[in-house]
Amino acid sequence: MVVDAAGYQLFRVQTGLDPDDWKPMPSIGPGVQEIRLRDATGAFRIIYIATGPQGVYVLHCFQKKSQKTNVHDIQLARERLKTILR
């Protein structure tokens, strides 16, 4: 189940490990990363920033509908990052 896999990958990040499948997302902001998940129902993404001892901030989670990440999803994550950095 993708929800269980997402929880496990976020646990890895919280304990200082890298997720199993991830990539940096500099288009959203420095230090922002994306966890990539797949199951029988499709592809899912978790965009987050890990700020060390302060914690892990999940900026956005969504199911991908196409190869390229939707502009709306990127903009939403950027807006949430700005809120955190204030």
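Considering every residue within region 62-73, establish whether at least one is among the aliphatic types (A, V, I, L, M), open to solvent by 30 Å² or more (accessible area, probe 1.4 Å) and in a helix (DSSP H, G or I). There is at least one residue in region 62-73 that is among the aliphatic types (A, V, I, L, M), open to solvent by 30 Å² or more (accessible area, probe 1.4 Å) and in a helix (DSSP H, G or I). No other residue among Arg86, Arg78 is in contact (Cβ under 8 Å) with a residue 12 or more places away in the chain, open to solvent by 90 Å² or more (accessible area, probe 1.4 Å) and not β-branched (Val, Ile, Thr) apart from Arg78.
Of all the residues in region 23-36, those that are open to solvent by 20 Å² or more (accessible area, probe 1.4 Å) and closer than 17 Å to Leu81 by Cβ number 7. So, Tyr8, is that one open to solvent by 40 Å² or more (accessible area, probe 1.4 Å), in contact with a helix residue (DSSP H, G or I) (Cβ under 8 Å, 6 or more places away or on another chain) and either without any contact (Cβ under 8 Å) to a residue 12 or more places away in the chain or not in a helix (DSSP H, G or I) (or both) or not? Here the answer is no, as Tyr8 does not meet what is asked. Across region 37-51, not a single residue is classified as closer than 17 Å to Ile84 by Cα, more than 12 Å from the chain's Cα centre (by Cα) and without any contact (Cβ under 8 Å) to a residue 12 or more places away in the chain.
The values are calculated or read from the model by the stated rules, or taken from the named source; none is laboratory data. Everything quoted here is computed from the prediction, not taken from an experiment. Please note: Cβ atoms are built from the backbone with ideal geometry, for glycine as well, and neighbour counts cover all protein chains shown. Only protein heavy atoms, including side chains, enter the accessible area calculation; ligands, DNA and RNA are left aside. Shrake-Rupley method; radii C 1.70, N 1.55, O 1.52, S 1.80 Å.
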